1. Please go through the range 166-183 and give me each residue that is touching a helix residue (DSSP H, G or I) at 6+ places or on another chain (Cβ under 6 Å) and farther than 17 Å from residue 443 by Cα, ordered by number.
2. Identify, from the list 224, 210, 217, the residue that is open to solvent by 10 Å² or more (accessible area, probe 1.4 Å) and either in contact with a His (Cβ under 7 Å, 6 or more places away or on another chain) or at pLDDT below 95 (or both).
3. Is it the case that residue 422 is assigned to a loop (DSSP other than H, G, I, E, B), within 30 Å of residue 100 (Cα to Cα), touching a helix residue (DSSP H, G or I) at 6+ places or on another chain (Cβ under 8 Å) and open to solvent by less than 50 Å² (accessible area, probe 1.4 Å)?
4. Yes or no: residue 490 over 21 Å from the mean Cα position of the chain (by Cα), within 30 Å of residue 367 (Cβ to Cβ) and not in a loop (DSSP other than H, G, I, E, B)?
5. If I go through the range 165-186 residue by residue, how many of them are at pLDDT below 95 and open to solvent by less than 10 Å² (accessible area, probe 1.4 Å)?
6. In the range 425-455, how many residues are of a type in the set (D, E, K, R), open to solvent by 40 Å² or more (accessible area, probe 1.4 Å) and under 30 Å from residue 122 (Cβ atoms)?
7. Return the pair list, or none, for Cβ contacts closer than 9 Å from residues in the range 75-91 that are of a type in the set (Ser, Thr, Tyr) to residues that are outside any helix (DSSP H, G or I) and open to solvent by 90 Å² or more (accessible area, probe 1.4 Å), at least 6 apart or on different chains.
8. Answer yes if at least one residue in the range 275-292 is on the phi > 0 side of the Ramachandran plot and at pLDDT 90 or above, and no otherwise.
Amino acid sequence: MDTILSFLSSISWWLWIIIVLAIVAIRDVFQKNHTISHNYPIAGHFRYLLESIGPELRQYFVANNREELPFNRIERSWIYASAKNENNYEGFGTDRDIYAHQHMFINNAMFPYKINDNHPNTIDNSFLPCAKVIGAHNKRRKPFRPASIINVSAMSFGSLSAKAVESMNKGVKMANAYHNTGEGGLSSHHSHGGDVVFHFGTGYFGVRAEDGGFSMEKMKKLVEDNPFIRAIELKLSQGAKPGKGGVLPGSKITQEIADIRGVEVGKTVLSPPNHKAFSNIPEMVDFIEAIAEETGLPVGIKAAIGKLDQWEELADLMLKTGKGPDFITVDGGEGGTGAAPPSFADHVSLPWVYGFGDLYKLFQTKGLSEQIVFIGSGKLGFPAKAAMAFAMGADVINVAREAMMSIGCIQAQVCHTNKCPTGIATQSKWLQNGIDPTLKSVRLAQYFKSFRKEFIEITHAAGYEHPCQFTMDDIEINVDDHNLSKELSGTYGYLKTIVPFSSMQDLKNCKHLGGNY
């Protein structure tokens with residue numbers, strides 16, 4: 001034994017490198033799984049290495065400032081700077097091609113809206129609540145006015161890590177926003193003081209009966225035990241994969257997640273594409289009304305938009321019965337944090353502007369647009385895009401990926417692998433250790449406050465006090481040159497319903513206002 005150890009210790013370090021490379025080369029030649037490695041031993045591994053870090057290489061060294069998708073460098077930098085309370089301005093003029101097709105312009109007023117010394121925005125330059133009260137029209141027992149027009153969209157604990165969810169919940173409390181749970185159920189990480197919208201889908205996680213269906217008793221208990229739940233959202237579909245159930249890989253399912261969802265540890269969970277609790281529009285409306293009656297909370301639906309025939313059926317039924325959802329969240333086909341096959345992410349459901357425009361116009365034609373709170377979700381986490389959304393009829397926006405970036409997401413695009421390098425979209429304890437919820441919660445709150453402050457400034461520049469006052473004619477979209485550009489009303493073929501609004505002070509005094517005001 002001593003002779004062997006003595007021989008091994010006598011081998012030079014460079015010879016060890018050669019031996020290891022020789023072993024790798026032999027292994028490469030005799031394996032058949034990877035053609036490149038077989039044909040080019042050792043050297044072929046560099047191809048796989050470069051491919052694995054391709055997104056990072058492109059976004060840092062190759063792509064220009066405005067080129068990359070889903071979010072380009074300018075957009076990411078604005079979020080990072082806003083979240084860190086750093087200078088988020090740009091100098092020497094825009095580097096965007098302002099003559100490009102579909103470039104958007106906001107028509108400013110000759111004289112901006114002027115606020116007085118006692119105005120809520122003089123006291124708090126980021127105060128910007130929703131102009132509508134969710135559940136007021138249907139006389140729910142616990143109506144809710146969101147205290148922020150920007151909020152955290154549906155992202156599950158399970159898809160996101162515990163520390164990421166905790167950071168977001170603490171952040172929305174500081175920013176007086178709300179936190180949508182996503183369909184993974186309510187966890188202790190959602191319980192740090194922020195307003196919560198409980199969201200559930202076809203898996204009924206958190207309110208799941210033993211047969212995999214919906215349990216009204218669990219829903220009632222959940223709401224009674226957690227008074228910070230302000231509304232309930234029923235998911236019909238999502239932008240990343242409408243018509244296809246969600247997937248949570250077994251590698252992400254810990255004991256804690258299994259207990260919350262009522263599933264097995266380590267076993268991949270597939271949510272079905274259809275609901276067990278209802279199978280048609282009348283049954284869905286009855287289901288919504290039953291939940292609202294039992295809990296007292298406003299109840300809404302979330303969906304990506306494609307065909308409109310069933311939406312028209314819903315609108316007609318709402319007209320006939322006076323019942324239905326209190327809010328509708330329209331998700332864009334741009335996708336989001338949910339992993340999906342490229343065929344779904346790229347081609348199924350309409351982008352947000354098209355889907356929302358079609359749906360809003362349908363409900364407006366039926367005379368229902370005033371009673372519904374419309375929530376937009378689909379890359380709207382930038383003030384100018386939000387101005388367009390409000391001009392089209394949105395009352396609130398939800399952000400997912402933008403919220404993730406505010407707490408450190410680098411757009412590595414490996415959310416579905418459980419190997420998120422920033423610890424946000426993984427259940428790896430080691431990777432999560434890089435997240436400090438005390439710091440990251442402040443950054444999410446600061447992003448929301450910076451967003452609202454800049455949005456208010458744009459609103460004032462257009463001559464209004466609140467974004468709900470934006471009209472379709474305040475925004476223009478490039479068709480070709482300015483003489484051919486169209487206001488939103490001409491582009492999408494409708495005029496937004498005027499939202500009743502008296503003053504920002506009245507919103508601040510509302511007894512249904514959420515947050516900590």
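1. If the condition is that a residue be touching a helix residue (DSSP H, G or I) at 6+ places or on another chain (Cβ under 6 Å) and farther than 17 Å from residue 443 by Cα, then 181 is the only one that fits.
2. Details: 224 fails: either in contact with a His (Cβ under 7 Å, 6 or more places away or on another chain) or at pLDDT below 95 (or both); 217 fails: either in contact with a His (Cβ under 7 Å, 6 or more places away or on another chain) or at pLDDT below 95 (or both).
Of the residues listed, the single one that is open to solvent by 10 Å² or more (accessible area, probe 1.4 Å) and either in contact with a His (Cβ under 7 Å, 6 or more places away or on another chain) or at pLDDT below 95 (or both) is 210.
3. no
4. yes
5. Total meeting the criteria: 3.
6. Within the range 425-455, residues that are of a type in the set (D, E, K, R), open to solvent by 40 Å² or more (accessible area, probe 1.4 Å) and under 30 Å from residue 122 (Cβ atoms) number 4.
7. Listed pairs, sorted by first residue: 77/90; 80/86.
8. no
The values are calculated or read from the model by the stated rules, or taken from the named source; none is laboratory data. These numbers come from a predicted model, not from an experiment. Backbone-built Cβ (ideal geometry, glycine too); neighbour counts: all protein chains shown. These area figures cover heavy atoms from the full protein model, side chains too; ligands, DNA and RNA do not enter into them. Shrake-Rupley method; radii C 1.70, N 1.55, O 1.52, S 1.80 Å.
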